[in-house]
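Q: Sharing a structure with you now.
The numbers here are math on the coordinates, done by the rules we state, and not lab data. All values reported here derive from a predicted model rather than from experimental measurement. Because the Cβ atoms are built from the backbone with ideal geometry, glycine has one as well, and the counts that use them run over all protein chains shown.
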Amino acid sequence: LVQHEFRELASQADPRVEVLDVGDAQSDEAAYAELLANPPVQDVPTVSDDDLAQICYTTGSTGNPKGAMWMHRAMMHAMSHTLLELGFRRDDIWLHCFPGAGVPCIFAIWGALQGFTSVIMPRYEPNEALDLVECHGVTRTILVPTMLSALCAAYEVKPRNVTSLRTISYGSAPTPPALVRRVAKNFPGAVLEQWYGSTEGTGGWFAQLPPEDHARALAGEQWLLETCGRAMHHARIRVMSEDGLPCQPGEVGEICVSGAFLMAGYYREPELTAQTIRDGWLYTGDMGRLDENSYLTIVDRKKFMIITGGYNVYPVEIENALADHQAVSEVCVFGVPDPKWGEAVHALVVLRSGASASSEELIAWCRDNLAAFKVPKTIEFRDELMRGATGKILKRAERNPYWTKTSTSSAA
């Protein structure tokens, strides 16, 4: 966060105690050793299961950050089920690549309670991450897709001894199957697992594509990599139509989740809370479908659906198709204003280091792999894409200038 963003969130949360990481200590600050030397606090307040434990702010990839209220009961439920279901071991050495905020960093705290070791990076850098795996014998890590892509690129330039790595978890954003195959090729000794969850789930996860399903996918059942697996034992998942009815298998609707791990609501946002949590179900804002075997496929955020020429187009499908091209490293697809179609499909593409491709070549590639109305009308090349603190591509920030220019032109 930049300073003005932090001030806004701090003002809203009204904290009683401020804890800041400011680098070098100032003259009026107490060292950690001095704090330990003080006598312990005697009057520890009583805390109940239903008391507020933490306000965790969403990353704001689709709008302003929202403060999810995590209660003690929900946090304990999410922690116990996640640790049990995902098979953490006391001899695990976990590499934490995220900044000290948000859901993934919670695992550093859970790890201390579980007894495994944490190696914490203050800021993600792929070459440093590989060095830490080699140096400390790291056994597990969790990354978002952009981090995975950067890790593969760094390893392909300079391989390290990463044989200690047993598990690579990923999630937080749709992951192209081509990237998963690339990870499996570069790190064959590690099993892969995908998690699906959100800040509103109090640090717990809703669904998982486990290692055995990844093994099936890499052995030939490619369709599995387009899913995020099935509901975890502590969660219920359903897909709802705009009419408020459950969707049939294969039908796209809004993904809804229920369980004891859900947040209590958004801090000081009662109307938004009422829109998001209805009858005990969290309406995630993600669009997806369940198949007849309860595998969940996320097609995109509801806000990013493109309506072009009367057709509904979900950017993730186009991003996956472009990511399959050997020259492509990263993709961001969204709709831009178009006088003929209403919206036109536009793609931002980052090429792999040393690779080359023209927009005509990539559009032709899409024509061979997508329905005609899904093929990008335009492709723009970038050296890099905008990312948030957790490494997610900020699609909303990339998309906004195209719509702002149109609004300005209309006003003129």
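Q: At most 16 other Cβ atoms within 10 Å and a DSSP loop assignment: could you name the trypsin sites (Lys or Arg not before Pro) in the range 228-270 that fit?
A: Of the trypsin sites (Lys or Arg not before Pro), the ones in loops of the range 228-270 whose Cβ has at most 16 other Cβ atoms within 10 Å are 268.
Q: Counting other Cβ atoms within 10 Å, which GluC sites (Glu not before Pro) in the range 236-333 have at most 14 and lie in a DSSP loop?
A: Counting only loop positions with at most 14 other Cβ atoms within 10 Å, the GluC sites (Glu not before Pro) in the range 236-333 are 242, 251, 292.
Q: Under a GNM of the chain (C-alpha, springs under 10 Å), which listed residue has the highest mean-square fluctuation: 151, 209, 113?
A: 113
Q: A further question on this structure: For the range 256-362, list log₁₀ I(q)/I(0) at each q in 0.10, 0.13 Å⁻¹, using the Debye formula over Cα point scatterers of equal strength and ignoring solvent, two decimals each.
A: -0.46, -0.70
Q: For residue 371 and residue 251 in one chain, what is 0.36 nm times their gap in residues minus the Cα-Cα distance, to one decimal in nm?
A: Computed gain between residue 371 and residue 251 is 41.4 nm.
Q: Let me ask another. Within the range 61-91, which residues have the backbone N less than 15 Å from the label spot 7 Å out from residue 233 along Cα→beta-carbon, could you tell me?
A: So the set is 77-88.
Q: If R0 is 22 Å, what FRET efficiency do you get for residue 353 and residue 397 from their C-beta distance, rounded to 0.05?
A: That gives a FRET efficiency of 0.35.
Q: Between residue 84 and residue 153, what is the label-to-label distance in nm when each label sits 7 Å out along the Cα-to-Cβ direction?
A: 4.2 nm
Q: Which trypsin sites (Lys or Arg not before Pro) from the range 299-347 combine a DSSP loop assignment with at most 12 other Cβ atoms within 10 Å?
A: For trypsin sites (Lys or Arg not before Pro) across the range 299-347 that sit outside H, G, I, E and B with at most 12 neighbouring Cβ atoms in 10 Å, the list reads 340.
Q: Between residue 127 and residue 52, what length in nm is gained on full extension when 0.36 nm per residue of separation is reduced by their alpha carbon distance?
A: 23.1 nm
Q: Something else: Can you compute the equivalent ellipsoid semi-axes for the chain, i.e. the square root of 5 times each eigenvalue of the Cα gyration tensor, sorted largest first and rounded to whole Å?
A: Here the semi-axes work out to 35, 27, 23 Å.
Q: Here's another thing I want to ask about it. Using only helices, what value at 222 nm comes out for the chain when you add -39,500 (n - 2.57) per DSSP H run of length 4 or more and divide by the total residues, to the nearest 500 deg cm²/dmol?
A: Mean residue ellipticity, 222 nm, calculated: -9000 deg cm²/dmol.
Q: For the range 313-412, just say rounded, prolate or oblate: build the C-alpha gyration tensor, square-root its eigenvalues into a ≥ b ≥ c, call rounded for a/c under 1.5, and beyond that prolate if a/b exceeds b/c, oblate if not.
A: Because a/c hits 1.5 or more and a/b fails to exceed b/c, the range 313-412 counts as oblate.
Q: Once amide H atoms are placed 1.01 Å from N in the peptide plane, what residues at a sequence separation of 5 or more from residue 265, or on another chain, have their amide H within under 5 Å of its amide H?
A: Those lying under 5 Å, H to H, from residue 265 are 69.
Q: Let me ask something else about it. With a Cα-only, solvent-free Debye model of the range 48-231, what are the log10 I(q)/I(0) values at q = 0.10, 0.14, 0.20 Å⁻¹?
A: Taken in order of the listed q values, log10 I(q)/I(0) reads -0.39, -0.79, -1.55.
Q: May I pose another question? Distance from a point 7 Å along Cα→Cβ of residue 380 to each backbone N in the range 321-341: keep the residues under 17 Å and list them by number.
A: Answer for the range 321-341: 330-339.
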